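So the structure is just underneath, and the comments pick up after that.
The values are calculated or read from the model by the stated rules, or taken from the named source; none is laboratory data. This is a predicted model, so every value here is computed, not measured. Counting neighbours? That spans all protein chains shown, and the Cβs are built from the backbone with ideal geometry, glycine included.
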Amino acid sequence: MAKIKRIKRKIRHNRVRAKITGTVARPRLSVYRSSKHVFLQVIDDVSGKTVIGLSDKAVKKDKLTKSDRAFEVGKLIAGVSKEKGIKKVVFDRGGYKYHGRIKKAADGAREGGLEF
């Protein structure tokens, strides 16, 4: 069952990535969700470089739910992006459905000041 879920997510991810690319002016905000953590990256696809990469391990607050940690890392990556002069990004949900931790990470990035 888990193998089928992984395959379906990969198919969705490939379909989404066919339509989305990040540029220097508007990089891609990619989200990866594991069973315990959330990882966010700001990627410039033209040069193939990761500009910023953070995970919820960077959030030092204990006693938070996984969704709350995703929200906090979204705000954190928005702050770091603003320091580097990035204001607009393209959101890449990575084949995951847009709810739960993925939505919370996006909401945190929006609250932090990123536009997508």
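Close Cβ contacts (under 9 Å, 6 or more residues apart or on different chains) running from residues in the stretch 20-39 that are closer than 17 Å to Leu64 by Cα to residues that are among the polar types (S, T, N, Q) and buried (at least 20 other Cβ atoms within 10 Å of the Cβ) comprise Phe39/Ser30. Which one is modelled with the highest pLDDT among residues in the stretch 56-88 that are surrounded by 18 or more Cβ atoms within 10 Å (Cβ to Cβ) and under 23 Å from Lys10 (Cβ atoms)? Going through the qualifying residues, I end up with Ala70.
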